[in-house]
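Report on the following structure.
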Amino acid sequence: ALSSVAYATGEIVLVLALAGSAAMHLTLPIAIAVGTLLVIVVTSYRQTIRSYPGGGGAYIVAKENLGTASGLVAGASLLVDYILTVAVSISAGVAAITSAWPQAVPFRIEIALFFIALLMVANLRGVRESGTLFAGPTFAFVILVGITVLAGLARFATGNPFTIPPAEEAQFGVQTLTMFLVLKAFASGCTAMTGVEAIANGATAFREPSAKNAARTLVWMAGILLFLFVGVSALAVMAGVQPTDETVISQLSRAIFGTGWLYYLISISVMTILILAANTSYADFPRLASFVAEDDYLPHQLRDRGYRLVYSNGVILLTLAAGALVVAFGGMTTRLIPLYAIGVFTSFTLSQTGMVVHHFRKREEHWQLGAAVNGIGATATGVVLVVVASAKFHDGAWIVMLLIPLIVSYFLWVSRQYSRVREELRMRPEEITDLNWQSANRLHNHVVLLVKSIDRRLVRALQYAKTLKADETEALYVDIAGDAEAFRAQWQEADFGVRLKVIESPYREIIGPICEYVRSVPRWSCDDVITVIVPEYASENIADTMLHDQTSFWLKQTLFSEPGVIIADVPYHMDDPCAAGGSAPKSVPST
């Protein structure tokens, strides 16, 4: 949450600049309005922590109290929010770098993608959030930005004011100052509140009493955030900050301290905390995705942990989505901000509304006060959601407003698919009886052994085919080179004891003729099967794989969808001492 200080004031300034420099004095009142909203939301989330000490994420709270549909909307909003957190935080971190080192501007996207990839690798290796690791950069940021605010205010208080020199690229406009423009600036400033819900979501991370410590931390965080955000906004008005590509904190620290070591130290601290803010999503996005997948609303691959006990698939999905956003929006924080607040305030509103219902259902001690507090919070964030959606609609908010319903629709589709498959796979009582009967009356098995050439791959495949005790076993050869007669002669000479079937393929197609032949094999009952044996050379490495065609792979993919067909892949390994009739090793090492 603290990292939003790095860009929230700049977003307000950028919008107000559309009405000219005279409108810039509204930056501080808008910042105070955002601060007031922050106090309301923090007070509301204290109620959430008290009622959900085990973690009160918007998805869980909304689902338990408002129903599945509201929970899915909250979950979709949070997933979008976490993706945008990575894209926005990394882009803002790169902006801190390019503000101090302008020569890096042409490589903005590449630098952002590098940091995203770095976060992905670190999280895939199982690096977890450590209080000790995060405390240093966080305290450094708070102290350095706090010193900047205090030093700037002290200069104005002692009669030694400073101003930001006018910049040629200052982006002032000639638009009329209207209430809609002010609301638009307020909507941009609301990005300062992103991340406030993180403490309520992770209350279990605090030492006991966890709920009390989490609530205390939330108050301290809000107080620090309020001081830094309002302080930076006040200095921006007094010093005449320019709406340029250079960040507000960079402009202020340069004007106060010059371009010495302290200025670069502040820039590095801003960059560092923004990257750490992005890393928070790498903890929360995969965890939330696993919760949703556990409820059958996302693919189960997102539910399972990898071998380092991290949700590897969630980490990779987050990386790809955030990287795509950075590339699509040119790594520009300002272009990403309009997408950001929609998901945040949707989850705020649903979470607080769910808490109101929770109070009325549970009727805990002082529940009336709790319901009133959460009701005010839900109303405030709901109104802001409407303001943000209206003010930022044409700037890109429409994308998220369209994306969230699409994600919810995908959730519902996934759930229906899992329900359909689960019902289809459920064992019926009559099927158990049939299974016992079929054990005594063996089903028919027609084996088709695919043959490409007479070589060592064929030996093990033939041995396997003869162990199946099938009703009928035949070899199938597709003639694409016009050598059918020669191959028949070789087959007869080898005398494998298996009948050979040759299919002519004048258009040199392999997969189609094989599939047509397999479909033509009669099945006397629905339970009879056709076993297709595919002899295959097992490549030794990736480079070796690229040297061989992938006919076997695509053939297996095609036959997999055929009902009643079983595919048996018999690989030939060059380093297998038992391959092609070789002798077995004298001893097998224990594992």
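The values are calculated or read from the model by the stated rules, or taken from the named source; none is laboratory data. Computed from a predicted model, the values in this text were never measured in an experiment. Cβ: placed from backbone, ideal geometry, glycine included. Neighbour counts: every protein chain shown. Side chains are part of the model used for accessible areas, which takes the heavy atoms of the whole protein and leaves out ligands, DNA and RNA. Shrake-Rupley method; radii C 1.70, N 1.55, O 1.52, S 1.80 Å.
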Residue that is of a type in the set (A, V, I, L, M) and in contact with a Lys or Arg (Cβ under 7 Å, 6 or more places away or on another chain), where the choices are A293, A278, A255: A293
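Can you report the number of residues in region 498-524 which are open to solvent by 70 Å² or more (accessible area, probe 1.4 Å) and out of contact with any strand residue (DSSP E or B) (no Cβ under 6 Å at 6 or more places or on another chain)? Spell out the reasoning first.
Let us first name the residues in region 498-524 that are open to solvent by 70 Å² or more (accessible area, probe 1.4 Å), namely 499, 501, 504, 506-509, 516, 519-520, 522-524.
Subset that is out of contact with any strand residue (DSSP E or B) (no Cβ under 6 Å at 6 or more places or on another chain): 506-509, 516, 519-520, 522-524.
Final tally of qualifying residues: 10.
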Would you point out the residue of region 227-250, among those that are open to solvent by 30 Å² or more (accessible area, probe 1.4 Å) and in a helix (DSSP H, G or I), that is nearest to L18 (Cα to Cα)? V237
Could we say that L28 is surrounded by fewer than 22 Cβ atoms within 10 Å (Cβ to Cβ), touching a Ser or Thr at 6+ places or on another chain (Cβ under 6 Å), in contact (Cβ under 8 Å) with a residue 40 or more places away in the chain and under 28 Å from S347 (Cα atoms) here? yes
Taking region 199-217 only, how many residues are surrounded by 16 or more Cβ atoms within 10 Å (Cβ to Cβ), modelled with pLDDT of 85 or more and out of contact with any Phe, Trp or Tyr (no Cβ under 6 Å at 6 or more places or on another chain)? 1
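Conditions tested, residue by residue: (1) within 26 Å of V565 (Cα to Cα); (2) open to solvent by 40 Å² or more (accessible area, probe 1.4 Å); (3) not in a loop (DSSP other than H, G, I, E, B).
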| position | (1), (2), (3) |
| --- | --- |
| A465 | yes, no, yes |
| A470 | yes, no, no |
| V478 | yes, no, yes |
| A486 | no, yes, yes |
| E493 | no, yes, yes |
Name, by its number, the condition in (1) in a helix (DSSP H, G or I); (2) at pLDDT below 85 that does not hold for G54. (1)
Collect the residues in region 498-521 that are part of a loop (DSSP other than H, G, I, E, B) and touching a residue at least 12 places away in the same chain (Cβ under 8 Å), keeping them in residue-number order. V498, S505, R508, E509, I510, V521
Given the conditions (1) without any contact (Cβ under 8 Å) to a residue 60 or more places away in the chain; (2) among the hydrophobic types (A, V, I, L, M, F, W, C); (3) surrounded by 24 or more Cβ atoms within 10 Å (Cβ to Cβ), and given that W101 satisfies all but one, which numbered condition is not satisfied? (3)
All but one of (1) within 30 Å of S99 (Cα to Cα); (2) modelled with pLDDT of 80 or more hold for K362; which doesn't? (1)
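Show me the helices (runs of 4 or more DSSP H) found entirely inside region 58-167 where at least 1 residues are within 30 Å of V237 (Cβ to Cβ) and modelled with pLDDT of 85 or more.
Numbers: elements: 58-66, 68-100, 108-124, 131-157.
Output list reads 68-100, 108-124, 131-157.
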